[in-house]
Structures are given as structure tokens and as C-alpha cells.
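A short write-up of the structure that comes next.
The values are calculated or read from the model by the stated rules, or taken from the named source; none is laboratory data. Bear in mind the structure is a predicted one, so any value in this text is a computation, not a measurement. Reconstructed Cβ throughout: ideal geometry from the backbone, glycine too, with neighbour counts over all protein chains shown.
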Amino acid sequence: MFAPIVGLVLLATAPSGLSPLGVVKSADTEVDKILSSQGATVDKLAARADEFIDFVELARRALGRDWAPLSKKQQDDFSATMKGVLRASYAQKALGDGRRGAKVEYGEEQIEGNEATVATTLKTKEDTFPIVYRLFRASTKSGWKIYDVITDEVSLVSTYSDQFRQVIAKKGFDGLLKSLKARREQLEASAKK
């Protein structure tokens with residue numbers, strides 16, 4: 001199930017004038033270029049994500065109603081931690097076997113105001129993964145950014161949201177943040193090995 005999430009985390013910068021479908025196509029081309037190069041590293045793949053993914057929006061949507069009561073410092077800390085977890089986890093998987101040799105088929109984009117979806121299908125030797133990218137733009141003058149990926153009708157944001165609510169109910173926000181930071185450190189340490 002990680003294959004579409006790899007796509008989310010590793011997308012490249014795209015010019016702000018591109019449509020949502022154009023953004024996804026451009027990003028896939030860049031990811032494939034990095035993965036097929038001799039010098040492909042977790043850092044190179046993750047750096048591309050920094051240019052395109054809005055981790056603050058992803059974190060905000062994943063926390064849902066628990067986001068607004070947080071201070072700006074807590075929101076920033078949580079977003080940075082989420083970014084670290086996603087970068088370390090999925091960039092490593094992409095370098096392992098993730099998207100190598102996979103073929104992407106593009107469906108249609110649907111735009112409603114400043115929200116959009118792009119349907120794709122990722123085909124590997126063994127499986128076919130239907131993937132829907134959810135994008136948004138802050139205004140009509142800004143570029144599209146991905147904030148969610150849905151595969152097999154399972155949303156990355158919704159999955160995190162469900163897990164976060166459970167942890168917050170047991171340990172509070174500070175407990176959730178502590179757990180995420182420990183996970184990020186573990187993933188980053190294993191990436192350096």
C-alpha cells in the first residue's frame with residue numbers, strides 16, 4: 001500500500017501555471033528520473049517533496065479539530081515532525097523497490113474551486129493500485145499542492161487522523177508529538193546506516 005504514498009511524498013516542484021493533472025505528470029517524471037539515476041538518495045528524493053508538498057496542510061487536515069486549539073509553536077513543531085516521518089519512511093521505501101519499474105496511467109482531473117483530484121493507476125509487475133491525488137491551492141494565483149493520496153479507497157490523511165485521535169485520547173497532544181518524534185528519529189537513524 002505504500003506505493004501511492006511514495007508518490008505523494010516524492011513529488012517534484014511544478015510551475016504554478018500547471019493544472020493539477022499537469023502537476024502530477026510532471027512530478028512522476030521527476031521521481032522516475034531521480035530513481036533511475038546513479039546518485040539517488042533519500043535526501044535527494046525528500047528534497048523534492050519539500051519543494052512541492054505542503055506538510056502544514058497535510059498535518060492540519062490529519063489533526064482535524066485538534067489543530068485549531070494548538071499554539072502556532074505546537075502547530076509548527078507538529079508539522080515539522082510529520083514532515084520528517086513521511087520523508088524518512090517513504091523515501092527509503094522508494095529507493096528500496098517503491099516505484100521502480102512501475103507504470104502510471106493518468107485519468108481525469110476534477111477541479112472544484114481551490115480543491116482538485118487527479119485519478120491515476122500505478123501498475124507494477126505484481127499489482128495495480130488505483131490512486132487519487134487530492135490537491136489544493138491557497139488562491140487562484142498560487143500553484144497546486146498535494147495534501148492527500150487515496151489508494152484502494154483509503155486516504156492517507158484519514159488514516160493518520162484516525163490514529164492521531166486514538167493517541168490523543170490516551171496520551172494527549174504532547175504524547176502524540178513525543179511518539180511521532182521518536183518514530184522520526186528511528187527512521188532517520190536507519191536511513192543513515
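Quick one: in region 1-20, which of the residues that are touching a strand residue (DSSP E or B) at 6+ places or on another chain (Cβ under 8 Å) and at pLDDT below 65 is nearest to Ser158 (Cα to Cα)? Working first, answer last.
Filtering region 1-20 for residues touching a strand residue (DSSP E or B) at 6+ places or on another chain (Cβ under 8 Å) gives 1, 3-5, 7-8, 11, 19-20.
From what's left, at pLDDT below 65: 1, 3-5, 7-8, 11.
On the way: Met1: 15, Ala3: 17, Pro4: 15, Ile5: 13, Gly7: 17, Leu8: 15, Leu11: 20 Å.
This residue is Ile5.
The residue pairs whose first member lies in region 161-182 and is surrounded by fewer than 16 Cβ atoms within 10 Å (Cβ to Cβ), whose second member is among the basic types (Lys, Arg), and whose beta carbons are closer than 7 Å, counting only pairs six or more residues apart or on different chains, do not exist in this structure. For region 143-160, the set of residues classified as among the hydroxyl-bearing types (Ser, Thr, Tyr) and surrounded by fewer than 17 Cβ atoms within 10 Å (Cβ to Cβ) consists of Ser158, Thr159, listed by residue number. Within region 43-62, is there a residue that is more than 20 Å from Arg134 (Cβ to Cβ), surrounded by fewer than 22 Cβ atoms within 10 Å (Cβ to Cβ), more than 14 Å from the chain's Cα centre (by Cα) and of a type in the set (A, V, I, L, M, F, W, C)? Taking every residue of region 43-62 in turn, none turns out to be more than 20 Å from Arg134 (Cβ to Cβ), surrounded by fewer than 22 Cβ atoms within 10 Å (Cβ to Cβ), more than 14 Å from the chain's Cα centre (by Cα) and of a type in the set (A, V, I, L, M, F, W, C). Restricting attention to region 107-142, the residues being modelled with pLDDT of 90 or more and touching an Asp or Glu at 6+ places or on another chain (Cβ under 8 Å) number 11. With respect to Ala68, determine if the residue is closer than 23 Å to Tyr160 by Cα, modelled with pLDDT of 90 or more and buried (at least 17 other Cβ atoms within 10 Å of the Cβ). So Ala68 does not fit the description; no. The residues on offer are Val104, Val23, Val42, Val85, and the sole one that is at pLDDT below 75 and either in contact with a Lys or Arg (Cβ under 7 Å, 6 or more places away or on another chain) or not hydroxyl-bearing (Ser, Thr, Tyr) (or both) is Val42. For region 40-53, the criterion of being in a helix (DSSP H, G or I), β-branched (Val, Ile, Thr) and within 17 Å of Phe173 (Cα to Cα) is met by no residue. Restricting region 99-142 to residues that are among the β-branched types (Val, Ile, Thr), under 25 Å from Ala40 (Cβ atoms) and in contact with a strand residue (DSSP E or B) (Cβ under 7 Å, 6 or more places away or on another chain) leaves a set whose member that is surrounded by the fewest Cβ atoms within 10 Å (Cβ to Cβ) is Thr128. Taking every residue in region 23-36 that is closer than 24 Å to Glu109 by Cα and pairing it with any residue that is aliphatic (A, V, I, L, M) and part of a helix (DSSP H, G or I), at least 6 positions away or on another chain, the pairs with Cβ-Cβ distances below 9 Å are Val31/Val6; Val31/Leu45; Val31/Ala94. Among the numbered conditions (1) at pLDDT below 90; (2) of a type in the set (A, V, I, L, M, F, W, C); (3) farther than 30 Å from Gly17 by Cα, the only one that Leu176 does not meet is (1). Can you list residue pairs whose Cβ atoms sit under 6 Å apart, with the first residue in region 129-146 being within 11 Å of Leu18 (Cα to Cα) and the second being modelled with pLDDT under 85 and of a type in the set (Val, Ile, Thr)? Count only pairs 6 or more apart in sequence or on different chains. Cβ pairs passing all conditions: Trp144/Val23.
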